[in-house]
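Asks: Before I ask anything, here is the structure I am working with.
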Amino acid sequence: MSMHKRPKNNKPDSSKIRQDKPRVRVEAISTPVASSTPSPPAYQRQFDFSATARAPEVTPLQRRNAHSPRVPMVMYTPEVWDQLWFIVGSCPQEVGWLGLVDTLPSGDYLITEIFVPEQTVHATETEIKPDAMTALAMELIDAGKDTNKLIYWGHSHVNMGVSPSGQDERQVDEYLANGCKTFIRGIYNKKGERKLDVFDQTNNLIFQCVRDRIYSPGLSPEQRAHLTQLIKANVKSPTRAFGNTSMSDLATRYANGYYVPPRNGLVDQRDDDDDAKEYFAHLSDPFYAGKP
Ligand SMILES: [Zn+2]
């Protein structure tokens, strides 16, 4: 019937097919075959691995109860931090230094003091000879310092990348062979790039490219509690407001099975309302005193 009203550019041969189409569709809708098939039970995973990495990585197959060692962080006292970047910045050669390290209760390392021993520097290499090491150790003992803490070696690659050279690998090998159970190697350059590696003989592990930063003592429990409270009070997701009624209020009003209207009626203040837009844009600003 309606087919006769279709434009003439329809092919005459297709008219018969078109007439059949609606019938097929009606049948498909009236017999919901797909929905009557019971869906299979959801697959329960036996392993909890996540194999989504796009770079080489070693992770446990079963993460539950797996012993994954905590990756330590290397920290510097503010003085050490300033000193090492001054050395890197002011030396045109590959200068090296050694440092005393405290192991913090968290398992992180804190470099407390650095020393620049006598050394022969080349354009691409630095060499701290055993004699110079011994001299430094004697100096530390005289000053009443624990030479067992001398487990950090840092050096500059000047303007080159911070990948270790063959010499850098051998140097760590020597320190470890000399009995250092833990050793930290830091390679830095004038661009501020660095590579910090922690060699752990006890656990037979190397933690490569660990995070490093200036040491700070961390927040007190009181400071944490105060910040948590402040965040809770001031940081909110924008909720769609109806008058003075948010969506959560609406949910409460509907919670008993019937709707209790708010006193000042349903007015959507958010859509196309410049004042409301400004208010929502300043939600996270504690000093904003605009009209809500
Ligand atoms: Zn090097």
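Asks: Tell me, in nm to one decimal, what length is gained between N148 and T202 on full extension, where the rule is 0.36 nm per residue of separation less the Cα-Cα distance? If you can, show how the numbers build up before the last one.
Replies: Working: separation 54, 0.36 × 54 = 19.44 nm, distance 1.52 nm.
Length gained, N148 through T202: 17.9 nm.
Asks: List the residues whose amide H sits under 5 Å from the amide H of I151, counting only those 5 or more places along or on another chain, with H placed 1.01 Å from N in the peptide plane.
Replies: G99, V101
Asks: Oh, and also: Tell me, what HN-Hα J-couplings in whole Hz come from the Karplus equation 6.51 cos²θ - 1.76 cosθ + 1.60 at θ = phi - 60° for each residue of the stretch 182-192, using x for Gly and Pro?
Replies: 10, 9, 10, 10, x, 10, 10, 9, 5, 7, x
Asks: Hey, another quick one. I need the peptides 70-77, 156-163, 210-217, 180-187 ranked by packing, meaning the mean over residues of other C-beta atoms within 10 angstrom, with the highest value on top.
Replies: Details: 70-77: 18.5, 156-163: 16.5, 210-217: 12.9, 180-187: 20.2.
Put in order of decreasing packing, that is 180-187, 70-77, 156-163, 210-217.
Asks: With the Cα gyration tensor of the stretch 78-218 giving a ≥ b ≥ c as the square roots of its eigenvalues, does the rule (a/c under 1.5 for rounded; else a/b larger than b/c for prolate; else oblate) give rounded, prolate or oblate? List each step's numbers first, then the result.
Replies: Numbers: a/c = 1.23, a/b = 1.11, b/c = 1.11.
Here the stretch 78-218 falls in the rounded category.
Asks: Using the Karplus curve 6.51 cos²θ - 1.76 cosθ + 1.60 with θ = phi - 60°, what ³J(HN,Hα) values do you get for each residue of the stretch 127-142, in whole Hz, with x for Gly and Pro?
Replies: Couplings: 10, 9, 6, x, 4, 5, 4, 4, 4, 5, 4, 4, 4, 5, 4, 4 Hz.
Asks: Under a plain spin-label model, where a point goes 7 Å from the Cα along Cα-to-Cβ, how far apart in nm are M160 and F86?
Replies: Label-label distance for M160 and F86, simple model: 2.7 nm.
Asks: Under a plain spin-label model, where a point goes 7 Å from the Cα along Cα-to-Cβ, how far apart in nm are Q223 and A42?
Replies: Calculated label separation equals 4.2 nm.
Asks: In whole Hz, with x marking every Gly and Pro, tabulate ³J(HN,Hα) for the stretch 70-84 from phi via Karplus 6.51 cos²θ - 1.76 cosθ + 1.60, θ = phi - 60°.
Replies: Rounded to whole hertz, the list is 6, 7, x, 10, 9, 10, 10, 5, x, 5, 4, 4, 5, 4, 5.
Asks: Which of rounded, prolate or oblate describes the stretch 72-154 when judged by the alpha-carbon gyration tensor and an a/c cut-off of 1.5? Don't skip to the answer; put the middle values down first.
Replies: Values: a/c = 2.05, a/b = 1.24, b/c = 1.66.
Oblate, since a/c reaches 1.5 and b/c is not below a/b.
Asks: Can you tell me which of 81-92, 138-149 comes out highest on packing, and rank the rest after it, using the mean Cβ neighbours within 10 Å? Walk me through the numbers on the way to the answer.
Replies: Numbers: 81-92: 15.3, 138-149: 11.8.
Those peptides, ordered most packed to least, come out 81-92, 138-149.
Coordinate-derived values only; no laboratory data. All of these numbers come straight from a predicted model, not from anything done at the bench. When we count neighbours, we look across all protein chains shown, and the Cβ atoms used for this are built from the backbone with ideal geometry, even at glycine.
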